[in-house]
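The values are calculated or read from the model by the stated rules, or taken from the named source; none is laboratory data. The shown structure was predicted, so the numbers you read here are calculated from the model rather than taken from an experiment. Note that we place each Cβ from the backbone using ideal geometry, even for glycine, and neighbour counts take in every protein chain shown.
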Amino acid sequence: MKVSGFTIIKDGVKYHYYFEQAILSILPICDEFIINYGESEDETLERLLKIKQKFPEKIKIIRTLWDESLREGGKILSIQTNIALELCSGDWCFYIQADEVVHEKYLPEIKKNLEKYLDEKNVEGFALNYLHFYGNFFTYFDRRPFYRREVRIIRNNGRIRSVRDAQGFRVDGKRKPRVKIINAYIYHYGWVRPEKIMLEKMKNIDRYWHDDDWISERYKKNNQSIS
C-alpha cells in the first residue's frame, strides 16, 4: 500500500497558516507528499524547503502561478488542489488543508482503515471528524454551524477530483464518493489568529469569491470586527 499526502499553500506565513504543522502531522503515514506552492510574497517557500531538507525522499514541491482573475465560487482552490492530486502516485491520497492538523494519536487508526479497505474498490474514500478551534487553542466547536466531518482521503483511481472551493470531492464530476467514516479527528485552526491577521486572511480568501467592489464595501472600515 502506498499513501500520498497532498496540499496547497500560498502566502502561508503572511496569513499565519499552520501549513508546516499540517504537513508534518500526516507525513508519518505518507510515502510521498505533494505540495503545490503558489508563488508568494513571504517566506513560505523557504519554510517548505526546510521540510524538504529533512524528508527529501518524501517531499515534492511544485511551483505554480495562481490565476488571480478567477473570482467566483472559490474555483481557483479546487483547480490548484487538483494539480497536486494529479501528481499523487499512491493507492490512497490524503488531502490536508493548510490550517488543518491530525493529532498523532489518530494515525494508527487511519492507517488501519487504509489497509483494511485497500482492495475493496467500492470504498472510494474516508471521511474524518472535525474539531473547529475558535479564537484560541483551547476553545472548539464540533457541531453546526461548523461542518462535522469532511472527506479527506480518496482512492487514487483517476475519477475523483476536488470541486468548487476544494472543500469536497466528486466522482466523474457528479456524485459524492462512497466513503467510510474513520473514528479520528482533524483539528481545524482556520479561526485561530490574531484579529488583525484574521481580517487580512478573510479579505484575501474572499477575493476568490467576490469582485473588488464587494471586497471594498465589505472591508471599508479598517477597524472592522470579525463577524
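Summary of computed values
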{"quantity": "Only one of D165, D172 that is of a type outside the set (G, A, S), touching a helix residue (DSSP H, G or I) at 6+ places or on another chain (Cβ under 6 Å) and modelled with pLDDT of 90 or more", "calculated": "D165"}
{"quantity": "Criterion violated by D165 - all others in (1) surrounded by fewer than 17 Cβ atoms within 10 Å (Cβ to Cβ); (2) more than 30 Å from D211 (Cβ to Cβ) satisfied", "calculated": "(2)"}
{"quantity": "Odd one out for E41 among (1) at pLDDT 95 or above; (2) surrounded by fewer than 18 Cβ atoms within 10 Å (Cβ to Cβ)", "calculated": "(1)"}
{"quantity": "Single condition D99 does not satisfy, out of (1) over 25 Å from H16 (Cβ atoms); (2) crowded, with 22+ Cβ neighbours inside 10 Å", "calculated": "(1)"}
{"quantity": "Residue satisfying condition, being of a type in the set (K, R), under 19 Å from the mean Cα position of the chain (by Cα) and surrounded by fewer than 18 Cβ atoms within 10 Å (Cβ to Cβ), within set K50, K54, K58, K75", "calculated": "K75"}
{"quantity": "Residue ID - nearest to Y17 (Cα to Cα), chosen from residues in the range 184-202 that are loosely packed, with under 15 Cβ neighbours inside 10 Å and not aliphatic (A, V, I, L, M)", "calculated": "P194"}
